[in-house]
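Asks: Below are the structure tokens for one structure; questions will follow.
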């Protein structure tokens, strides 16, 4: 099997200041109340 790399890009609302071109590297999980939304997961 060939190893593949999958990259996804999401748009989000952030609290505070975001550096231009910056990245947020956190785990995402589906919101338990609304399956169409995602939230930051520990």
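Just so it is clear, none of the values below were taken in a lab; they were calculated from the coordinates. It should be emphasised that the depicted structure is a prediction, and the values quoted were computed from it without experimental measurement. Cβ placement follows ideal geometry from the backbone for every residue including glycine, while neighbour counts extend to all protein chains displayed.
Asks: Here's a check for you: in the stretch 26-42, which residue that is part of a loop (DSSP other than H, G, I, E, B) and touching a strand residue (DSSP E or B) at 6+ places or on another chain (Cβ under 8 Å) is surrounded by the most Cβ atoms within 10 Å (Cβ to Cβ)? Full working, then the answer.
Replies: Filtering the stretch 26-42 down to residues part of a loop (DSSP other than H, G, I, E, B) leaves 26, 31-37, 42.
Checking which are touching a strand residue (DSSP E or B) at 6+ places or on another chain (Cβ under 8 Å) leaves us with 26, 31, 37, 42.
On the way: 26: 9, 31: 11, 37: 9, 42: 5.
Looking at residues that are part of a loop (DSSP other than H, G, I, E, B) and touching a strand residue (DSSP E or B) at 6+ places or on another chain (Cβ under 8 Å), I get 31.
Asks: Can you go through 23, 18 and tell me which one is out of contact with any helix residue (DSSP H, G or I) (no Cβ under 9 Å at 6 or more places or on another chain), surrounded by 10 or more Cβ atoms within 10 Å (Cβ to Cβ) and part of a loop (DSSP other than H, G, I, E, B)? I'd like the intermediate steps shown before the answer.
Replies: Numbers: 23 fails: surrounded by 10 or more Cβ atoms within 10 Å (Cβ to Cβ).
After applying the criteria, what remains is 18.
Asks: Out of (1) without any contact (Cβ under 8 Å) to a residue 24 or more places away in the chain; (2) at negative phi, what's the single condition that is false for residue 10?
Replies: Condition not satisfied by residue 10: (1).
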